[in-house]
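See structure below.
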Amino acid sequence: MAHVLVVDDDVDVRSLVRRVIEKLGHEVSDVADGKEALRLLETTRFDLIISDVYMADMDGMELLVRIQQLELDVPVVVISGGGYKPRDEVLKMAAACGAVATLDKPFTLEQLRATVEPLLPAPNHHRINRERQAHP
């Protein structure tokens, strides 16, 4: 089971993403902005981060840059519905800054699943690896 961090100031988006990821068999933590995400990243290891771009306090682009500066080995998917710059431009910048994938808001449940599922191990992957290590 993977652990996914969802970062978005819209509680409805966080709830939607949580439901999709949990249905895939993974654990989800969620926060409302980049500062909260960085605090959580100090103490918790994640297998994937899904982050919005436009948020208060610290936006998703700054979060993406900070994750790279901290040399955290975690893939980031950036989502955006646009804001002060056109959505396509923002998502291209996110990809150039290291996002492994981007999604336009609004997205369908299938688009979300198709984007994140290949980035996550099979839900029982960690359990199987632990069993193999325990019984070589």
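Read the figures in this text as sums done on the coordinates, not as results from a lab. Nothing here was measured: the structure is a model prediction, and the numbers come from that model. Every residue, glycine among them, receives a Cβ derived from its backbone with ideal geometry; neighbour counts consider all protein chains shown.
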Summing -39500 (n - 2.57) over every DSSP H run of at least 4 residues in the chain and dividing by its residue count gives a helix-only mean residue ellipticity at 222 nm, to the nearest 500 deg cm²/dmol, of -12500 deg cm²/dmol
Efficiency of FRET between MET58 and SER15 - r from beta-carbon atoms, R0 22 angstrom, step 0.05: 0.55
Would you mind computing, in nm to one decimal, how far apart the modelled labels at LEU40 and GLU71 are, each placed 7 Å from Cα along Cα→Cβ? 2.5 nm
Find the all-direction average of the projected area of the Cα convex hull for the chain, expressing the result in square nanometres with one decimal place. 8.3 nm²
What's the longest piece of the chain with no exposed GluC sites (Glu not before Pro), counting a site as exposed if DSSP puts it in a loop and it has at most 16 other beta carbons within 10 Å? 72-136
